[in-house]
Amino acid sequence: MRQIDYYFSLVSPWAYFGHAPFLATAQRHGCTVTYKPVFLGEVFSETGGLPLARRHPVRQRYRLVELQRWREKRGVPLNLQPAFWPFEVSLADRCVIALQAAGIDPAAFTARAFAGVWARDENLADEAVLAAIATEVGVDAGMMLAGAHGESAKATYAGNIADAIAAEVFGSPSYVIDGEVFWGQDRLDLLADMLASGRPAYSSDV
């Protein structure tokens, strides 16, 4: 069984677009998924990326056009200017880590949290909002938040940054299998092609 490392952050609209089709692709090909939420600010600073506010206005405007295209393509609701974005994402990301560490599949919580940011104007920096989302998807909110505040989740979150940089991940979402990075939900067809063919990973060492 092949494993895919899933690097993303809940602040990323592109990860929101890709979440459901990525998981469907992984399931279809019998892959296991390891969720690796990362703090994108540090990944960007290490790999030459820029936060949205520091990008050239041309790039910022193009992003808005792309969001509309992919909103239509994926058939999911998305607010172009969500009420609570950007926000301090660390606790929300660590909730995903806490669930995985507890042996709970984070898929449903992650999907609902993405929708909370991008479609429902919910503030995921608010613990009460995170607790309500957990309860809605059948997760013990107290257990999840306790884990998210714990030192183990914090250490994993920091470690995910180091892992991302070591894997040459530089954006969200990134899907890494056997060392090959697929950056962006618009590369999911290429990931599916790799899995269908069974080919070994490609490398830049050519």
* So, in nm, how far is label residue 74 from label residue 88 when the simple model puts each one 7 Å beyond its Cα toward the Cβ? -> 2.7
* **Surrounding net charge for residue 37, when Lys and Arg each add one and Asp and Glu each subtract one, Cβ distance under 13 Å** => -1
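Count the net charge of all other residues whose Cβ sits under 13 Å from the Cβ of residue 79, scoring Lys and Arg as +1 and Asp and Glu as -1.
That works out to 0.
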* Sorted by Cβ density within 10 Å, fewest first, the residues 118, 70 -> 70, 118
* Structure fact -> The FRET efficiency for residue 143 and residue 20, from their Cβ-Cβ distance with R0 = 22 Å and rounded to 0.05, is 0.30
* Asked: Amide H to amide H under 5 Å from residue 38: which residues, 5+ apart in sequence or cross-chain, H placed 1.01 Å off N in plane?
  -> 8, 9
* Asked: What is the extension gain from residue 166 to residue 81, computed as 0.36 nm multiplied by their sequence separation minus the C-alpha to C-alpha distance, in nm to one decimal?
  -> 27.3 nm
* Compute the length gained on full extension between residue 29 and residue 50: take 0.36 nm times their separation in residues and subtract their Cα-Cα distance, giving the result in nm to one decimal. => 4.1 nm
* Scan around residue 102 for amide H atoms under 5 Å from its own, H built in the peptide plane at 1.01 Å from N, and keep only partners 5 or more places away or cross-chain. => none
* How many nm is it between the label spots at residue 132 and residue 62, if each spot is 7 Å from the Cα in line with the beta carbon? -> 3.8
* **Cβ-based charge dipole, region 30-95, positive-most Cα from 33, 82, 43** => 82
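Kirkwood Rh over alpha-carbon pairs of the chain, then Stokes-Einstein at 37 °C and 0.692 mPa s: what D in µm² s⁻¹, rounded to an integer?
Roughly 188 µm²/s, to the nearest whole number.
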* For region 73-79, take each phi angle, set θ = phi - 60°, evaluate the Karplus expression 6.51 cos²θ - 1.76 cosθ + 1.60, and give the result in whole Hz per residue in order, putting x for glycine and proline. => 4, 7, x, 10, x, 7, 7
* Given H placed 1.01 Å from N in the peptide plane, which residues other than close sequence neighbours of residue 4 have an amide H under 5 Å from its amide H? -> 32, 33, 34
* Asked: Given the rule -39500 (n - 2.57) for each run of at least 4 DSSP H residues, summed and divided by the residues of the chain, what is its mean residue ellipticity at 222 nm, to the nearest 500 deg cm²/dmol?
  -> -17000 deg cm²/dmol
* To do: Using θ = phi - 60° and the Karplus relation 6.51 cos²θ - 1.76 cosθ + 1.60, list the HN-Hα couplings for region 156-166 in order, rounded to whole Hz, with x at every Gly or Pro.
  => 5, 4, 5, x, 4, 5, 4, 5, 4, 5, 5
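Computed from the coordinates by the stated procedures, all read-outs in this text should not be read as laboratory data. Every value quoted in this text rests on a predicted model; they were computed, and no experiment measured them. Neighbour counts run over all protein chains shown; Cβ positions are idealised from the backbone, glycine included.
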